[in-house]
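Below is one structure; the comments refer to it alone.
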Amino acid sequence: MTGTVNSAIASTAVFTASNFTGTPSYTVSPTLPGGLSINASTGRISGTPTATSSTANYTITATAGSQSATATVTITVSAAAALTPSFGSPTATADGFTVQVSNYDAAFTWAETATAGGSVSMSGSGLLTLTGLAASTSSTVTLTVSRTGYATGSATITGTSLTAQSITFNTPTQMSVGDSPQTVTPTASSLLPVTLTSTTTAICTVSTGTITAVSAGSCSMTATQNGDATYAPASSVTHFFTINAAPAPSPALSPATQTVTGTVNSAIASTAVFTASNFTGTPTYTVSPTLPGGLSINASTGRISGTPTATSSTANYTITATAGSQSATSNVTMTIAAASSGQPSESTGGASTTPTGSTAPLPPNLIASVNGSFTWIVGIESSDQLVVNRGGPAIFAIDPKVPPGLDFNAATGVLSGTSSSSIDTALFTVSATNIEGRSSVDIYITVTAIQRVQAEEPAIDSVRFSRGSSKMNTALKKQLDEWLQQERTGTTTLMAVVPKSGNGSTLARKRAVQIRKYLRANDAEIGSTITIMIAPKKTMTRRVLLIG
């Protein structure tokens with residue numbers, strides 16, 4: 001009989017014992033191969049051999065008392081068939097590959113060797129792993145399978161490690177907070193997409209390759225590429241670069257440009273008060289070249305004002321604001337035209353018409369009346385023409401709202417009424433608008449409480465105008481010249497006196513303005529304050545008192 005390890009043999013036949021006087025029992029010699037046994041009652045040999053056995057004769061002896069008989073059985077036990085490994089598809093890795101043994105059996109012993117070096121291992125689930133290869137290197141692994149009682153099996157599997165790749169990433173240029181975002185484009189030799197991230201998001205951020213500066217410091221940017229089925233992950237590349245603090249904003253003036261047109265012997269509409277930004281100190285203002293005669297610049301505000309005395313062709317004037325080492329400039333374009341016989345005087349109403357000889361519509365052109373400063377007395381009805389319009393007809397407006405009790409006429413530019421409460425000197429802007437444009441001018445309004453003159457009529461320290469007039473005559477000028485010869489202890493202020501009834505405050509103020517102009521022209525130290533007071537008696541009316 002023949003058999004195979006681990007496979008049940010075909011049992012021998014049941015013996016027929018003859019001529020025995022009793023029932024025989026059976027034995028075998030020599031000992032049967034492992035896993036086989038003899039049935040002592042029948043002599044049948046059966047079982048599953050556990051090891052190989054060369055061909056040998058075995059004697060079966062039947063014994064019953066003193067009777068016996070023998071038979072011979074030849075037995076050969078061969079090794080089981082080898083287990084030949086079978087594999088799935090290899091998966092490339094950065095330094096080798098992995099492959100699953102599809103018929104892995106832990107009862108067998110598995111031995112692995114590789115042709116291109118590296119380290120081969122087998123997991124308990126049959127996953128074969130090769131590591132230690134250089135990039136893009138192929139290696140063949142031989143897998144040998146053995147087990148007692150089995151023929152030795154083997155098979156080979158060949159795989160290739162992933163292709164190497166590298167990242168090229170130029171260092172970004174230095175940036176400052178507030179700069180436009182900077183775009184960088186890292187690339188991989190594989191041409192696979194590269195991911196760029198910031199590792200210092202408090203300093204800089206990145207989105208699809210666009211870097212934005214957040215705050216001053218060192219910005220760290222890292223480029224990565226994780227590979228695919230062909231390429232191994234690339235070594236990451238990190239660059240550092242500096243984010244500087246935002247530069248200090250440059251000093252600036254607003255408005256940046258202005259245009260002024262004027263007429264000889266008529267006060268111009270003053271330029272705007274500048275807004276100086278980003279200066280560390282308070283700037284002072286100068287102008288270049290020299291302004292036309294009669295005009296001047298306020299060193300504290302940069303405002304140009306005055307009454308031009310001669311014509312000037314259109315020219316550009318540079319206003320420079322300076323504070324220490326800081327400076328900024330603005331441009332004023334100015335034209336001074338000759339006076340026209342058709343030009344309205346300062347005493348005309350605000351609703352102007354087109355100048356004589358012209359039929360084309362004109363934009364409004366405002367100037368302030370009486371140097372742009374007006375005073376009312378609480379409880380006294382008054383009226384003032386605030387502006388003179390030297391351009392085309394226009395609608396007037398004033399901002400902010402006028403004091404309580406006063407009314408602004410949008411058709412004439414006249415402010416009138418009876419103020420109900422006092423206010424300190426405040427800035428108002430009067431504007432005129434028509435289809436051709438807009439013009440505006442700043443004025444100052446003061447509302448004072450009623451005051452009474454306590455002194456009797458002065459001799460030289462006051463001058464008296466003619467009834468209903470605010471013009472300077474020879475007698476008044478003579479009185480003022482005499483007063484100028486006196487010694488004075490300080491700045492002089494002016495007090496315009498109105499009748500006891502309270503009417504005439506506008507005319508009284510005009511008189512005080514004329515006195516102030518004359519005295520200033522002769523180098524007198526005259527304050528900017530003009531006060532209007534009610535006379536205690538009739539003889540004090542129409543006077544302007546010089547106090548100080």
Requested in this report: Determine the pairs where a residue that is over 15 Å from Pro499 (Cβ atoms), located within region 463-476, has a partner that is of a type outside the set (Asp, Glu) and in a loop (DSSP other than H, G, I, E, B) with Cβ atoms under 8 Å apart, the partner being 6 or more residues away or on another chain.
Outcome: Lys471/Phe465; Asn473/Ser466; Leu476/Phe465
Query - Boolean, Ala17 is of a type in the set (Gly, Ala, Ser) and within 30 Å of Leu130 (Cβ to Cβ) - result: no
Query - Condition broken by Ile243, with the remaining ones in (1) assigned to a strand (DSSP E or B); (2) surrounded by fewer than 18 Cβ atoms within 10 Å (Cβ to Cβ); (3) within 17 Å of the chain's Cα centre (by Cα); (4) touching a residue at least 24 places away in the same chain (Cβ under 8 Å) satisfied - result: (2)
Query raised in the report: Among the residues of region 84-95, is any acidic (Asp, Glu), modelled with pLDDT under 95 and within 30 Å of Ser166 (Cα to Cα)?
Result: yes
Requested in this report: Look through region 412-439, keep the residues that are surrounded by fewer than 17 Cβ atoms within 10 Å (Cβ to Cβ) and under 24 Å from Val260 (Cα atoms), and return whichever of them is farthest from the chain's Cα centre (by Cα).
Outcome: Thr412
Report summary line: In region 124-141, anything over 55 Å from the mean Cα position of the chain (by Cα) and in a loop (DSSP other than H, G, I, E, B) is listed as Gly124, Ser125, Gly126
Query raised in the report: Only one residue in Pro85, Pro49 is in contact with a Pro (Cβ under 8 Å, 6 or more places away or on another chain), crowded, with 17+ Cβ neighbours inside 10 Å and either in a loop (DSSP other than H, G, I, E, B) or not assigned by TED's automatic domain parsing to the domain that holds Ala155 (or both). Which one?
Result: Pro49
Report task. Would you tally the residues in region 381-416 being within 15 Å of Ile443 (Cβ to Cβ) and among the aliphatic types (A, V, I, L, M)? Result -> 9
Query raised in the report: Of all residues in region 215-240, how many are within 22 Å of the chain's Cα centre (by Cα) and assigned to a loop (DSSP other than H, G, I, E, B)?
Result: 2
Report task. For region 116-133, name all the residues that are modelled with pLDDT of 90 or more and aliphatic (A, V, I, L, M). Result -> Val120, Met122, Leu127, Leu128, Leu130, Leu133
Query raised in the report: Taking into account only those residues within region 169-199 that are in contact (Cβ under 8 Å) with a residue 60 or more places away in the chain and in a strand (DSSP E or B), which is surrounded by the most Cβ atoms within 10 Å (Cβ to Cβ)?
Result: Met175
**Report entry** Subset of region 217-238 that is in contact (Cβ under 8 Å) with a residue 40 or more places away in the chain and within 18 Å of Ser176 (Cβ to Cβ) - its residue that is surrounded by the fewest Cβ atoms within 10 Å (Cβ to Cβ)
**Finding:** Met221
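The values are calculated or read from the model by the stated rules, or taken from the named source; none is laboratory data. Just so you know, these numbers come straight off a predicted model, no measurement behind them. A quick note on method: Cβ atoms are made from the backbone with ideal geometry, for glycine too, and the neighbour counts reach across all protein chains shown.
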